[in-house]
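The values are calculated or read from the model by the stated rules, or taken from the named source; none is laboratory data. Just so we're clear, the structure is a prediction, and the values are computed from it rather than from any experiment. Here the Cβ positions follow ideal geometry from the backbone for every residue, glycine too, while neighbour counts run over all protein chains shown. Calculation scope for accessible area: heavy atoms of the full protein, side chains included, ligands and nucleic acids excluded. Shrake-Rupley method; radii C 1.70, N 1.55, O 1.52, S 1.80 Å.
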Amino acid sequence: METNIPKRYQERLTSDNAALLLIDHQVGLLTGVSDIPAAELAHNVVAVAKAVKVLGVPIIVTATSPEMWGPIIPELTEALPEISIINRTTVNAFDESRFAKAVEATGRKKLIIAGVSTEVCLAFPAIHAAGNGYDAYAVIDASGTFSETKRITGLMRMVQAGVIVLDYSTVAVEMLKDNASPKAGPLYGALDMPFAGLVGQLAGAFAKR
């Protein structure tokens with residue numbers, strides 16, 4: 001049975017073909033998020049960052065007009081102390097040449113993207129990426145916005161443009177591929193899901209055996 005879904009979106013995400021783009025997870029923006037609790041959003045974005053870091057996936061972090069919207073949330077900068085944040089003024093992150101060049105320099109064609117707000121900071125670069133030959137994946141529970149209307153319209157616009165929508169833990173688990181991997185324990189620990197701590201402990205115990 002044939003479908004209209006591009007075959008490239010049926011290819012698996014791997015630690016060798018993907019990069020993570022974290023866009024505008026800034027203190028001032030998170031204070032207005034209403035479609036997901038701010039603490040849950042901060043937890044999820046930090047968790048996906050830590051998890052893909054375990055896998056060696058490139059990570060790019062950017063902030064828009066920090067003098068206006070504040071700095072990147074401290075939980076994220078603490079999780080990624082080695083990352084240089086790309087500060088910019090452009091609304092669409094890809095309109096900042098330093099950001100676009102940093103993405104290109106990763107050599108990855110599958111871009112996992114999260115941002116605040118969903119319909120602007122996430123949707124604009126995700127749609128841009130999809131239209132410019134990248135495979136764009138939007139991490140919805142590591143993103144947030146200021147009303148349910150904005151959330152729905154942002155999601156619809158991305159899906160209409162061919163962006164794949166998924167959640168923060170699925171991203172990492174798909175790239176892990178095998179629970180027998182020595183990276184499984186640290187990865188599940190990084191995800192910090194309600195059951196992930198037990199999974200990580202079991203994986204570590206079996207690995208020692």
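Taking a ≥ b ≥ c as the square roots of the eigenvalues of the Cα gyration tensor, an a/c ratio of 1.5 or more together with a/b no larger than b/c marks region 23-119 as oblate.
Shape verdict for region 47-184, please, from the Cα gyration tensor: rounded (a/c under 1.5), prolate (a/b greater than b/c) or oblate.
Working: a/c = 1.42, a/b = 1.19, b/c = 1.20.
Since a/c stays below 1.5, the shape of region 47-184 is classed as rounded.
Seen through its C-alpha gyration tensor, with square-root eigenvalues sorted a ≥ b ≥ c, region 124-177 comes out oblate because a/c lies at 1.5 or above while a/b is not bigger than b/c.
Stretching Glu104 away from Ala161 to a fully extended chain increases their span by 18.4 nm, per 0.36 nm per residue minus the current alpha-carbon distance.
On a per residue basis, region 1-133 carries 46 Å² of accessible surface, using protein heavy atoms and a 1.4 Å probe. Here the accessible area is traced with a 1.4 Å probe on the protein chains. For the chain, carbon and sulfur cover 56 percent of it.
With Cβ to Cβ distances under 14 Å as the rule, what net charge do the other residues near Lys50 carry (K, R +1; D, E -1)? Intermediate results must be reported in sequence, preceding the final value.
Numbers: positive: Lys53, Lys183; negative: Glu75, Glu78, Glu82, Asp192.
Taking every other residue near Lys50 into account, the sum is -2.
Considering only Glu96, Glu11, Glu119, the mean-square fluctuation computed in a Gaussian network model of the chain, springs between alpha carbons under 10 angstrom, is largest for Glu11. Taking each of Lys53/Lys183; Lys53/Lys177; Lys53/Lys110; Lys110/Lys177; Lys50/Lys150 in turn, the alpha-carbon distance tops 19 angstrom for Lys50/Lys150.
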